[in-house]
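Asker: Before I ask anything, here is the structure I am working with.
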Amino acid sequence: MKSLTCQCCGLPFSPKMRGTNRDKSPNSDYCLDCFRDGEFRDHHLTIQDMEKKLLDMARHHDEISIEEAHQTIKILPDLKRWKMTHIL
Ligand SMILES: [Zn+2]
């Protein structure tokens, strides 16, 4: 199994698209689009924003299909980033 699932956006990504920690080591939990240099690229993102983003991606960018967007939205609450929301 070579594709990983990003624990923020819920999308699969390849090992070379892994996010990076502050010390530049790869972080297999998040993709490079979401996590870079030890920080989330969008700190203010909420799970609702993420849902909207996935639907936008499906509608306007053809990166994923609408079905994939809906599948991904379903798993968002189980992902590490969104599970933590209430434990601040
Ligand atoms: Zn991601």
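Asker: Asp33 label point, 7 Å along Cα→Cβ, cut-off 16 Å on backbone N: hits in the stretch 57-82?
Answerer: Only 57-76 fall inside the zone, counting backbone N under 16 Å.
Asker: For Leu55 paired with Glu67, estimate the spin-label separation in nm (one decimal), with each label point 7 Å from Cα along the Cα-to-Cβ line.
Answerer: About 2.0 nm, to one decimal.
Asker: Please give the net charge around Ser25, taking every other residue with its beta carbon less than 15 angstrom from that of Ser25, where Lys and Arg add +1 and Asp and Glu add -1.
Answerer: Its environment carries a net charge of +1.
Asker: Under the rule of at least 5 residues apart or a separate chain, name every residue whose amide H is placed under 5 Å from the amide H of Gln7.
Answerer: Close amide H contacts, sequence-distant or interchain: Tyr30, Cys31.
Asker: Let me ask another. Where does helix 47-56 land angle-wise versus the long Cα axis of the chain, in degrees 0 to 90, nearest 10?
Answerer: Helix 47-56 sits roughly 60 degrees off the main axis of the chain.
Asker: Calculate, axis by axis, the spread of Cα positions in the chain along the three principal axes, and write the results as whole Å, longest axis first.
Answerer: 36, 32, 23
Asker: Report the GluC sites (Glu not before Pro) located in the stretch 17-88 that are in a DSSP loop and have at most 12 other Cβ atoms inside 10 Å of their Cβ, or state none.
Answerer: Sites meeting the loop and neighbour criteria: Glu63.
Asker: Efficiency by 1/(1 + (r/R0)^6): what FRET value for Lys80 and Lys24, r their Cβ-Cβ distance, R0 = 25 Å, to the nearest 0.05?
Answerer: In this case the efficiency is close to 0.75.
Asker: If you fit an axis through the alpha-carbon atoms of helix 66-75 and take the longest principal axis of the Cα set of the chain, what angle between them do you get, 0 to 90°, nearest 10?
Answerer: 50
Read-outs throughout are calculated quantities, based only on the coordinates presented, and are distinct from any laboratory measurement. Please read all numbers here as calculations on a predicted model, not as lab measurements. Methodologically, a virtual Cβ is constructed for each residue, glycine included, from the backbone with ideal geometry; neighbour enumeration extends over all protein chains shown.
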